[in-house]
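The values are calculated or read from the model by the stated rules, or taken from the named source; none is laboratory data. Computed from a predicted structure; not experimentally measured. As a convention, Cβ positions derive from the backbone with ideal geometry for all residues, glycine included, and neighbour counts pool all protein chains shown. Ligands, DNA and RNA are excluded from the accessible area calculation, which covers all protein heavy atoms including side chains. Shrake-Rupley method; radii C 1.70, N 1.55, O 1.52, S 1.80 Å.
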Amino acid sequence: RAYIGNIRQGGRTYPDRMLRTPVNKFDTFPETNYIDVAVGDGDSITALKSFGDRLLQFKKNKVYIINVAGESEVLEAEYNNAGISFPSQVTKTNDGIAWVNDSGLWYFDGKQVQNLTLHVEDDGYALGTDDKGGPKIGFYKKENQIIYTPRVSGGIQTPWYIYNLNLIVY
């Protein structure tokens, strides 16, 4: 199946709705195949990422972990203050999904969500407020490293950080 979120359907916008395809029809999104995880919470879907049989639905303030393994989707977990504002704040890694927001660097390994920088001393950098100057994240597959910045500034003033996933201890 394929999933899309933050849709316009029947002339109406549904910022917190997802559509799913029928099995093995990856380009067909029937209007009746919708999924509403958290309706009317005032928050829009900003990105969707999958890892294994889990779908991560990102909103500005929350992240929802949805199990998509069976015939129907099951909400497994909800994380407050873990959301993102733009798709440029999330990336897929060799072993999970990583994202950055004003609470730090987050990681989902298929089982649990962790804030990897929860205990890191604040360096005084403020997050950017738009997609151009806001947080960015990428993944260096060869070295299994997350590369991210809390804000983009001009020239050499942009602080970039590298998080080596080979050093994570579970």
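Numbers for the structure displayed
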read-out: Rh by Kirkwood over Cα pairs, then Stokes-Einstein D for the stretch 28-109 at 1.002 mPa s and 20 °C, µm²/s; value: 162 µm²/s
read-out: Gaussian network model of the chain, springs between alpha carbon atoms under 10 Å - residue of 134, 83, 42 with greatest fluctuation; value: 42
read-out: Added length on full extension, which subtracts the Cα-Cα distance from 0.36 nm per residue, residue 164 to residue 92; value: 24.5 nm
read-out: Extension gain, residue 77 back to residue 44 (0.36 nm per residue minus Cα-Cα distance, nm); value: 10.1 nm
read-out: Added length on full extension, which subtracts the Cα-Cα distance from 0.36 nm per residue, residue 53 to residue 28; value: 7.0 nm
read-out: Convex hull volume per residue for the stretch 17-72, taking Cα atoms only, in Å³; value: 92 Å³
read-out: Candidates 24, 144, 115, ranked by Gaussian network fluctuation over the chain, Cα under 10 Å, top entry; value: 24
read-out: The chain, accessible area per residue, ligands and nucleic acids excluded (1.4 Å, Å²); value: 57 Å²
read-out: Diffusion constant of the chain at 25 °C, which comes from Stokes-Einstein with the Kirkwood Cα-pair radius and 0.890 mPa s, µm²/s; value: 145 µm²/s
read-out: Of all accessible heavy-atom area on the chain, the percent that carbon and sulfur account for (1.4 Å); value: 48 percent
read-out: Whole-Hz ³J(HN,Hα) from phi, Karplus 6.51 cos²θ - 1.76 cosθ + 1.60, for the stretch 137-145, glycine and proline x; value: 9, x, 9, 9, 4, 4, 9, 6, 10
read-out: Relative contact order, percent, the chain [alpha-carbon distance under 8 Å, six or more residues apart]; value: 11 percent
read-out: Relative packing of peptides 94-100, 147-153, 28-34 - highest average C-beta neighbours within 10 Å first; value: 94-100, 147-153, 28-34
